[in-house]
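Written below as structure tokens is the structure these notes are about.
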Amino acid sequence: QVQLVESGGGLVQAGGSLRLSCAASGTFFSINTMGWYRQAPGKQRELVATISSGGSARYIDSVKGRFTIFRDNAKKTVDLQMNSLKPEDTAVYYCQTTVPSGRDYWGRGTQVTVSS
């Protein structure tokens, strides 16, 4: 059983920063690729960033240079540092992983609102 719990969302002005954190339970964390997704109102959920078990990170173009994904395998956490936030970053952000069986797990999400 895997549980993912996000925290760290909130309201911030454009240009500001937020750090999201995802705390995971379960035995597969150290070998799983972890991801952060987001879903804005009226839009499909989109992948924002992923980090492999070895620490290799990937980002969508719109957040490159502004967002950084980190993981701590000992603490079973994966963080998303978000800088230079823009109103278009406003969304509910979700932590996600796929375990070796192929099953996906999602957190409940945390709201990020960026005011202009």
| field | Number of the exception - residue 35 against (1) among the small types (Gly, Ala, Ser); (2) closer than 18 Å to residue 107 by Cα; (3) open to solvent by 60 Å² or more (accessible area, probe 1.4 Å) | value | (3)
| task | Identify all residues within the stretch 74-95 that are assigned to a loop (DSSP other than H, G, I, E, B), open to solvent by less than 60 Å² (accessible area, probe 1.4 Å) and either modelled with pLDDT under 95 or hydrophobic (A, V, I, L, M, F, W, C) (or both); write none if there are none. | result | 85
| query | Got a sec? Which of 50, 98 is open to solvent by 50 Å² or more (accessible area, probe 1.4 Å), within 27 Å of residue 1 (Cα to Cα) and polar (S, T, N, Q)? | reply | 98
| task | Quickly run through the stretch 18-40 and pick out the residues that are in a loop (DSSP other than H, G, I, E, B), touching a residue at least 24 places away in the same chain (Cβ under 8 Å) and out of contact with any strand residue (DSSP E or B) (no Cβ under 6 Å at 6 or more places or on another chain). | result | 26, 28
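The values are calculated or read from the model by the stated rules, or taken from the named source; none is laboratory data. Model, not experiment: these values are computed from the prediction. Please note: Cβ atoms are built from the backbone with ideal geometry, for glycine as well, and neighbour counts cover all protein chains shown. The accessibility values were calculated without ligands, DNA or RNA, using every heavy atom of the protein model including side chains. Shrake-Rupley method; radii C 1.70, N 1.55, O 1.52, S 1.80 Å.
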